[in-house]
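K.L.:
Have a look at the structure that comes next, please.
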Amino acid sequence: MKEKIEALMQEVAALKAASRQEVEDARVRLLGKKGSITELFEEFRGVAPEMKREFGAKLNVLKNAATDRIAQLREEVENKAACADGGASGDLSMPGDPFELGSRHPVSIVRQEIVDIFRKFGYDVAEGPEIEDDWHVFEALNFPPEHPAREMQDTFFVSEGQLVGEGEEKHYWNPLLLRTHTSSVQVRTMERSQLPIRVICPGRVFRNEAISARAHCIFHQVEGLYIDEGVTFADMKQAILLFAREMFGPETQIRMRPSYFPFTEPSAEVDVSCNICGGKGCNICKGTGWLEILGCGMVDPNVLEASGIDSKKYSGFAFGMGIERIAMLKWQVKDLRNYFENDLRFLKEFNTVL
Ligand code: DAH
């Protein structure tokens, strides 16, 4: 018995296999029901009691060595097979692992659509910082010092700004803040670009609002700016009409209502004919047939001059719209919070939109 165990020990150590079948054959030969190691265990029953201890221990060592070696060989041939078919799993009839495809966020989809439309009209994309200073968000845009938008209730301030002036005149100037609108990118563009300017500025903005279905402290806007010699209100109207038709369909009409913004004069708010009811009146347009989509106007000469542009020679128009607002009109998702909660059940509804 001793010799048999030693011979099998050597066989196990020298065991080789080139395929799964060969590994299986070796297992059956050694450890199968009629395998040589199994047979030795049978033989062991007849061993004299005083030898049982010694042979029992040896047999167990042999069995463990055979089991380990076979497991090792099996892993080797599996690995080889996986490498040979390029890492694909061995069983080609198995269904593939599903790939969870992500989807684009509705805000990104609309942002891209708006940018693509204006790119076709020859606009470049410009960006600016989200942490801005008072100059670019308010001062250079002709906001009077006491304008309510500058208040703490609306604006998130980051720093107090610099102490300037002497004695009675001493005050803080140009605090850092989170931009409340993308109109700040107008100013940055005017400061650094050569004329004419034709840009579209998408970005995230921040306002200190309580979060509800209708208001959020973070949202997205797209700003547009066109400055050249002889730009008129009629050019603005045409650009906005073309945009509205690309965005909401070729039958879309627009109307302009007089409005006020510190940085434009004259200013207007633009409505598009309701794309749900075609202007007849429905609950989306609250029976009016019109939906408000953006604010616009002719850039105020003070704004041009603040950025070093000669307002006698140049004129321009600007407009700004909320991306979530356009997304709401497109998909009738009315609760603004949906756009920020990243609930997969909501986001997955957009995975067919490219
Ligand atoms: N900045 C404005 C806002 O946040 C939107 C806007 C209105 C931008 C009129 C413009 C404009 O450029 O001309 O409400």
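K.L.:
Kindly list, by first and then second residue, each pair from a residue in segment 119-136 that is without any contact (Cβ under 8 Å) to a residue 60 or more places away in the chain to a residue that is of a type outside the set (A, V, I, L, M) and open to solvent by 40 Å² or more (accessible area, probe 1.4 Å), limited to pairs with Cβ atoms under 7 Å and residues at least 6 apart or on different chains.
P.N.:
H136/R188
K.L.:
Okay, next question. Just need a number here: residues in segment 206-216 that are without any contact (Cβ under 8 Å) to a residue 24 or more places away in the chain and open to solvent by less than 60 Å² (accessible area, probe 1.4 Å).
P.N.:
Adding up the residues that qualify gives 0.
K.L.:
Here is a check on your reading of the model: is R325 at pLDDT below 95 and under 25 Å from G297 (Cα atoms)?
P.N.:
Yes; evaluated as a whole, the condition is true for this residue.
K.L.:
Going by what's in this entry, would V28 be described as modelled with pLDDT of 90 or more and open to solvent by 20 Å² or more (accessible area, probe 1.4 Å)?
P.N.:
yes
Matching residues to (1) open to solvent by less than 70 Å² (accessible area, probe 1.4 Å); (2) farther than 27 Å from F157 by Cβ; (3) of a type outside the set (S, T, N, Q):
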residue	(1), (2), (3)
F219	yes, no, yes
G224	yes, yes, yes
Q238	no, yes, no
L241	yes, yes, yes
A244	yes, yes, yes
Q253	no, yes, no
Y260	no, no, yes
F263	yes, no, yes
S273	yes, yes, no
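K.L.:
Also, I was wondering about something else. Got a number for residues in segment 124-142 being open to solvent by less than 80 Å² (accessible area, probe 1.4 Å), among the hydrophobic types (A, V, I, L, M, F, W, C) and more than 20 Å from D300 (Cα to Cα)?
P.N.:
Total satisfying the criteria: 2.
K.L.:
Find the residue count for segment 238-253, including only residues that are part of a helix (DSSP H, G or I) and either among the basic types (K, R) or in contact (Cβ under 8 Å) with a residue 24 or more places away in the chain (or both).
P.N.:
Going through segment 238-253 one residue at a time, the tally reaches 9.
K.L.:
If you don't mind, there's one more thing I want to ask. Surrounded by 10 or more Cβ atoms within 10 Å (Cβ to Cβ) and either under 58 Å from the mean Cα position of the chain (by Cα) or assigned to a helix (DSSP H, G or I) (or both): is that true of L92 in this structure?
P.N.:
No, not satisfied.
K.L.:
Inspect all residues belonging to segment 166-188 and state whether any of them is in a loop (DSSP other than H, G, I, E, B), open to solvent by less than 80 Å² (accessible area, probe 1.4 Å) and hydrophobic (A, V, I, L, M, F, W, C).
P.N.:
Within segment 166-188, not a single residue is in a loop (DSSP other than H, G, I, E, B), open to solvent by less than 80 Å² (accessible area, probe 1.4 Å) and hydrophobic (A, V, I, L, M, F, W, C).
K.L.:
Right, here's the next one. Which one is nearest to V222 (Cα to Cα) among residues in segment 317-331 that are open to solvent by 20 Å² or more (accessible area, probe 1.4 Å), touching a residue at least 40 places away in the same chain (Cβ under 8 Å) and away from the ligand (no atom under 13 Å from the Cβ)?
P.N.:
K330
K.L.:
Please verify whether segment 66-79 includes one or more residues that are in contact with a Ser or Thr (Cβ under 8 Å, 6 or more places away or on another chain), open to solvent by 70 Å² or more (accessible area, probe 1.4 Å) and not small (G, A, S).
P.N.:
No, because not a single residue in segment 66-79 is in contact with a Ser or Thr (Cβ under 8 Å, 6 or more places away or on another chain), open to solvent by 70 Å² or more (accessible area, probe 1.4 Å) and not small (G, A, S).
K.L.:
Scanning for something closer than 23 Å to N79 by Cα, at pLDDT 90 or above and either open to solvent by 40 Å² or more (accessible area, probe 1.4 Å) or assigned to a helix (DSSP H, G or I) (or both), does segment 55-64 turn up at least one residue?
P.N.:
Here is the first cut: in segment 55-64, the residues closer than 23 Å to N79 by Cα are 64.
Of the ones still in play, those that are also at pLDDT 90 or above are 64.
Next, from what is left, pick out any that are either open to solvent by 40 Å² or more (accessible area, probe 1.4 Å) or assigned to a helix (DSSP H, G or I) (or both): 64.
Yes.
K.L.:
Where residues in segment 301-316 are out of contact with any strand residue (DSSP E or B) (no Cβ under 7 Å at 6 or more places or on another chain) and assigned to a helix (DSSP H, G or I), which of them is nearest to the ligand (Cβ to nearest atom)?
P.N.:
My answer is V303.
K.L.:
While we're on this one: For segment 322-354, give me each residue that is among the acidic types (D, E) and over 24 Å from L101 (Cα atoms). Working first, answer last.
P.N.:
Taking segment 322-354 as the starting set, the residues that turn out to be among the acidic types (D, E) are 324, 335, 341, 343, 349.
Within segment 322-354, just D335 meets the criteria.
K.L.:
Across segment 254-300, what is the number of residues that are modelled with pLDDT of 95 or more, part of a loop (DSSP other than H, G, I, E, B) and farther than 21 Å from H220 by Cα?
P.N.:
1
K.L.:
Moving to a separate point now. If we keep just the residues of segment 143-158 that are in a loop (DSSP other than H, G, I, E, B) and open to solvent by less than 50 Å² (accessible area, probe 1.4 Å), which is nearest to E191 (Cα to Cα)?
P.N.:
Checked segment 143-158; the qualifying residue nearest to E191 (Cα to Cα) is F143.
K.L.:
Would you check if there is a residue in segment 194-205 being over 26 Å from the mean Cα position of the chain (by Cα) and open to solvent by less than 70 Å² (accessible area, probe 1.4 Å)? Steps first, please.
P.N.:
Going through segment 194-205, the residues over 26 Å from the mean Cα position of the chain (by Cα) turn out to be 194-198.
Filter once more, so that each one left must be open to solvent by less than 70 Å² (accessible area, probe 1.4 Å): 195, 197.
Within segment 194-205 (the criterion being over 26 Å from the mean Cα position of the chain (by Cα) and open to solvent by less than 70 Å² (accessible area, probe 1.4 Å)), the answer is yes, since at least one residue qualifies.
K.L.:
Return the residue satisfying two criteria in turn: it lies in segment 103-118 and is without any contact (Cβ under 8 Å) to a residue 60 or more places away in the chain and open to solvent by 60 Å² or more (accessible area, probe 1.4 Å), and of such residues it is nearest to S193 (Cα to Cα).
P.N.:
Step one: list which residues in segment 103-118 are without any contact (Cβ under 8 Å) to a residue 60 or more places away in the chain, which gives 108, 112, 116.
Cutting the leftovers down to open to solvent by 60 Å² or more (accessible area, probe 1.4 Å) gives us 112, 116.
Details: Q112: 23, D116: 21 Å.
Taking the candidates together, the pick is D116.
The values are calculated or read from the model by the stated rules, or taken from the named source; none is laboratory data. Nothing here was measured: the structure is a model prediction, and the numbers come from that model. Don't worry about glycine lacking a Cβ; one is built from the backbone with ideal geometry, like all the others, and counts go over all protein chains shown. We work out accessible area using only protein heavy atoms, side chains counted, and drop any ligands, DNA or RNA first. Shrake-Rupley method; radii C 1.70, N 1.55, O 1.52, S 1.80 Å.
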